[in-house]
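The values are calculated or read from the model by the stated rules, or taken from the named source; none is laboratory data. All of these numbers come straight from a predicted model, not from anything done at the bench. As a convention, Cβ positions derive from the backbone with ideal geometry for all residues, glycine included, and neighbour counts pool all protein chains shown.
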Amino acid sequence: MNYGRTISTPAKTFLGGLSLLAVVSAFSQTQTPAQSRVVPLVSNACPSVRIGDSVSLDWNPLFDPIWPVTGLRGFGLRFAPVAADGSTLKKGELLLRPGESATRISPLENGYFHLEFTVNLKTSRPGTYRLVGANAAAEVVPDYAEQPPRMTNSPVDQRYCFTVVGSPALQSPQTGS
């Protein structure tokens, strides 16, 4: 019931603006970008990753000769898109290496290295990618003057792959954690 009172146009505009602000504020508080994850590559599995996530691999390149090697100077992993029929395509290859993607190299024990690459829009499109090539460059002792040590253990035989499922997701914030 109105009881003879009317709301002026400026008051209606003000109340409408407050309502809109409340809706926008509520939406922005419930929709936040998903946290980036580090997703380990697992042999014969294709984990799902989103743009902004990182893929990781613990790998021992087994350099020959091993004695002058002091670390890993660089590496590259080449992934090719997988077609619907399961065949590997050459067009649209994805290179994960320093300069192409944010990378991190951490030494582990017994010649292993932890490698991480960030999946980004510059290099990745939605789809499944299979590892088809790898290379590594050894860091060597300062007085080593022979042929560079070569990688003898390729991760390609392990059938690593991952599936890019799109841009970062919006999700509701987690409560109670």
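Contact map, region 71-89: residues that are within 30 Å of P149 (Cβ to Cβ) and among the charged types (D, E, K, R) paired with residues that are at pLDDT 85 or above and part of a strand (DSSP E or B), Cβ distance under 6 Å, separation 6+ or inter-chain. Pairs shown: R73/A137; R73/E139; R78/V132; R78/G133. Checking each residue in region 140-154 for being closer than 21 Å to Y112 by Cα, loosely packed, with under 14 Cβ neighbours inside 10 Å and either of a type in the set (D, E) or touching a Leu at 6+ places or on another chain (Cβ under 6 Å) (or both) picks out only T152.
Can you find a residue that is part of a loop (DSSP other than H, G, I, E, B) and aromatic (F, W, Y) anywhere in region 129-152? Looking through region 129-152, at least one residue is part of a loop (DSSP other than H, G, I, E, B) and aromatic (F, W, Y).
Is there any pair linking a residue in region 39-59 that is farther than 15 Å from F79 by Cα to one that is of a type in the set (V, I, T) and in a loop (DSSP other than H, G, I, E, B), with Cβ under 8 Å and at least six apart or on different chains, and which? Listed pairs, sorted by first residue: R50/V119; R50/V165; I51/V119; G52/V119; D53/V119.
On the basis of being farther than 20 Å from G52 by Cβ, among the aliphatic types (A, V, I, L, M) and at pLDDT below 90, does A83 make the cut? Show your work before the answer.
Working: farther than 20 Å from G52 by Cβ: yes; among the aliphatic types (A, V, I, L, M): yes; at pLDDT below 90: yes.
Criteria met by A83.
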